[in-house]
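To start, the structure itself, in structure tokens.
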Amino acid sequence: MEVDSQKQPQRKQSSYLSLDENFEIQKEVYRGQQYSQIYFARLHMMRTLLYSLVPNWKSHLPVCTVLGLEEGKECIIVGTLYKHMKLKPCILDEYSKERSVTPLVKPHNFMHQDDYLVLEDESGRVKLGGTMLSPSVYVTGVVVALHGKETTAGDFFVEDVLEAGLPPQIERLLKSREDKYVVFVSGLSIGSSCSNPLQFQLLVDHITGHLGDEEEQGLAAEIVRLVIAGNSVEISRGLLNGQNLASKDQSRLSEPIKELDILLTQIAASLPLDIMPGSSDPANFSLPQQPLNRCLFPGSATYNTFRSCNNPHCFELDNIRFLGTSGQNIDDLAKYSEAENKLDILERTLRWRHLAPTAPNTLGCYPFTDRDPFLIDSCPHVYFVGNQEKYETRMLEGLEGQLVRLICIPRFCETGVAVMLNIRNLECHTLTFGTQISS
Amino acid sequence: MFCGISASFVKRNVDGTAARVAAAQPNSVGISGLSKHNSAEGNAPLPLQQNKVLQSSSKVAQQSPSVVKDVKSESVGGGVHGLSSKPSADKEKIPSLPSNKMKGQNDKNSAGSGGSLANLWVRASTKPKPSGVPETDSDSVQNPNVSADAQICAREAVEDDNSDVDAQEVNFTRASNGESYRKRRVVFDFSDEDEYEDAVNLASPDPPKKKSSLDSKQNSKSVVPEMSNLILDKPNKDEIRVKEERTTKEEETLLVSKSTNGGHSSSVKFENQLPDTDLSSKDKVTDAARNSPKRRKVLKTRIDERGREVNEVVWEGEETEVKNVESDMPKKMESGTTNADTNIVTNTNNRPAAAKKSPAVGRSAPSNPGGKAGNKKAGNAKDPKQGNILSFFKRA
């Protein structure tokens, strides 16, 4: 008995362009450098940009360097913000003889009311005063232009702030009027105690078209890509303490990856997929994370639809630009600043034109020498972050007509929720999978 | 339910050639996201189809979730693995299926395939580097058709690292004991040294060669026969080589302290402890050392031309060793020469050209703590060769 091939819907396709070249580190050479160069590159790029924006903002004011400040003289200075935080963990505290009983690192947030901001450029630094610039919003590493004047106390009293704002966006050329979907999922955490293999299998079956009637399968055929935004496996920490592993433990170590590969093979046989590394995946620690090695996926990597990507990940589908991370950048920002929700933090990073301003201060990153790859020079149409507590989304509008869909992708192992985005109109909805086996 | 979506653009790389994942058999049941029936390129997608059938049929006959999962994972694995084998037209392929895994597919599975995906992993962890040597040992045990499989194994091991053929049920114990298991070695290409002159070598060092051995038990065993050979040599050579060994040894441990402590090591400690630990582990070295004229180690501190504090351990009469324990911790360590007899120790720069007399020093030394950690518990701060970082913060 053959299934009638004429009625079989064809999976839709989209043109794909990877823009991850910026996040590759193969060509980088480590000469023992520290992080001053990446900060300098960041300052240089952003300052050039801000200098071009200042005339439109306050053209009557002179621009000067920090050392060139004169008391009482109103001017504009451009530099990198540094936030002095009382509660920020310091490595030397671990060795201090006066250690108290309380644990050194608070997991949630290191904010304190005594935190203050400092502006720094190559010539010097100056403490910032005034209420315009809230230390709870800003973090170390953000480059801004400030309008104000030096006080007698030697502080710089801030009257106004100029952020870079949303970068320019390439106009979205609608290739076709048809619905095409991209599915986002993150935090599969295969191998952890909370992950339910049935749940992910359900997701796989759904998007590969194994479930439902013809109509359902027709909808599934409109999914053109699956993006897995990090933390796909969780390897038991007990096995990673540096001890030699017994042979029976060695298989435990690779079990989660094997399971993931099996599932990815099912997906790759059916539609294109991008897998990004996350903080718990077997990839390097510092950003930009390099793609998971193909040898980890002997089954799925043989498919041309399988693609192992960097974190952060930037790509274009039908000329729609996607940019996103597995969550480390946003989580770190949440530790060192305050926001109502994660979408606000996402929005801030776009306005600051920097994916991860806290890198390398509190977020591990590679010491680039000639560039800062996390600078956002072209506004994406879809900006996502993985491994968040819950699903959130918002459409952001820029001053120059930019339209960005912000998406917080929840952890699948905890929520069973994947996100479906229609690239025709940038609308989002969720796919929720539950597996309640009634007794 | 069968998969109702066809995706003709999906291609699978089989043995280096991209093959469209197509349906070859007309009487196959169910399409699982594969291309249309009338595709001419049939490259063994059958098992995948069949396993999808198995998958969907097992779904229909609903059982407990764990069973479903097991069947699915195995069948998927089997199917995938089947895909990794050669096309069905290849007569050489012998279907050596572990029968317990592929029960329902014998009639349909004419394109021979190996075990499940899990075996693919087992194979990947136990098979040696593709060197063209057929694994006749492992094959002969489980597979009566040794020669053909061995050939295929060898060929495919060379051609395609991703896929695997006829993976057998190999134990992990075999991996550690078997002769076919070889330690993976990292090969460094130093061909463009000029461009990367000042690049820091972040890679793990090679394990130490026999000549420059560490004071761990396993190495001492390999050293001993070596040393016995040396003893038989002329005394002059013996002495020189022993000296070299010793200085090498000490340089290594110095490097250990350097790289792990970041410059805050207490060099005085070394002076006292080095000779002891040195001599205790290697009897032959001790003998050889006693044969040489008695020397005494003296620690001298001076400032070199670059403003760095240099601690020298000087042997009375013969060579000097330079320990660059710097107080200001410059990021790049360069070799400083004192006199012609000096053994130069370079610290973080582990290039082979840097160390004059003991080329293996730079690469072998940092593995010392790794070796130690393997023998002792991890995080042991009482390693006598390294200064304790806590000593920097004096206790009240």
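Averaged over the residues of A:246-259, the number of partner chain Cβ atoms lying within 10 Å of the residue Cβ comes to 3.
What are the residues whose amide H is under 5 Å from the amide H of A:VAL144, where those residues sit 5 or more places off or on another chain and H is modelled from the backbone? Here A:GLY79, A:LEU81 satisfy the definition. Computed with a 1.4 Å probe on the full set of protein chains, the accessible area for B:SER8 sits at about 40 Å². Separation of region A:221-275 from region A:11-44 is 25 Å, based on Cα centroids. With the whole protein complex present, A:ARG424 retains an accessible surface near 90 Å², based on a 1.4 Å probe. Rounded to the nearest Hz, the phi-derived 3J(HN,Hα) couplings of region A:282-294 under the Karplus curve 6.51 cos²θ - 1.76 cosθ + 1.60 (θ = phi - 60°) are x, 9, 5, 7, 7, 6, x, 5, 8, x, 4, 5, 5, where x marks glycine and proline.
Per residue of A:267-280, count partner chain C-beta atoms within 10 Å of its C-beta, then hand back the mean as an integer. Walk me through the numbers before you get to the answer.
Details: counts 1, 5, 15, 9, 5, 3, 0, 0, 0, 0, 0, 0, 0, 0.
So the per-residue partner count for this stretch is 3.
Once Rg and the Kirkwood radius are both taken over the C-alpha atoms of region A:202-293, their ratio Rg/Rh works out to 1.09.
Inter-chain Cβ neighbour count for A:294-306, averaged per residue, equals 6 (cutoff 10 Å, partner chain atoms only). What are the chymotrypsin sites (Phe, Trp or Tyr not before Pro) within region A:264-326 that DSSP puts in a loop, where the Cβ has at most 11 other Cβ atoms within 10 Å? Sparse-neighbourhood loop chymotrypsin sites (Phe, Trp or Tyr not before Pro): A:PHE285. Across chain A, Cα pairs under 8 Å and at least six residues apart give a relative contact order of 20 percent.
Please work out whether region A:111-159 counts as rounded, prolate or oblate from its C-alpha gyration tensor, where a ≥ b ≥ c are the square roots of the eigenvalues and a/c under 1.5 means rounded, while otherwise a/b larger than b/c means prolate and anything else oblate? Walk me through the numbers on the way to the answer.
Values: a/c = 1.56, a/b = 1.20, b/c = 1.30.
Here region A:111-159 falls in the oblate category.
Please state the shape class of region A:277-435: rounded when a/c is under 1.5, otherwise prolate if a/b exceeds b/c and oblate if not, all from the C-alpha gyration tensor. Cα axes put region A:277-435 in the rounded bin. Here is how the number arises for chain A: DSSP H runs of 4 or more residues each give -39500 (n - 2.57), the sum is divided by the residue count, and the result at 222 nm is -6000 deg cm²/dmol. The magnitude of the dipole of region A:102-221, with charges of +1 and -1 set on the Cβ of Lys/Arg and Asp/Glu and taken from the Cα centre, is near 240 debye. Can you pull the accessible area of A:CYS413 for me, 1.4 Å probe, Å² to the nearest 10? Accessible surface of A:CYS413 is approximately 20 Å².
Could you sort A:GLU216, B:GLU312, A:GLU400 by their accessible area in this structure, using a 1.4 Å probe and putting the largest first? Intermediate results must be reported in sequence, preceding the final value.
Working: A:GLU216 70, B:GLU312 20, A:GLU400 140 Å².
Reading off the accessible areas and sorting them downward yields A:GLU400, A:GLU216, B:GLU312.
Largest first, what is the accessible-area ranking of A:ASP213, A:ASP20 with a 1.4 Å probe? Please list the in-between numbers first.
Values: A:ASP213 85, A:ASP20 5 Å².
My answer, sorted largest first, is A:ASP213, A:ASP20.
What ranking of A:ARG42, A:ARG411 comes out by heavy-atom accessible area, probe 1.4 Å, highest first?
Final ranking, largest accessible area leading: A:ARG411, A:ARG42.
The values are calculated or read from the model by the stated rules, or taken from the named source; none is laboratory data. Every value quoted in this text rests on a predicted model; they were computed, and no experiment measured them. Note that each Cβ is placed from the backbone with ideal geometry, even for glycine, and that neighbours are counted across all protein chains shown. Ligands, DNA and RNA are excluded from the accessible area calculation, which covers all protein heavy atoms including side chains. Shrake-Rupley method; radii C 1.70, N 1.55, O 1.52, S 1.80 Å.
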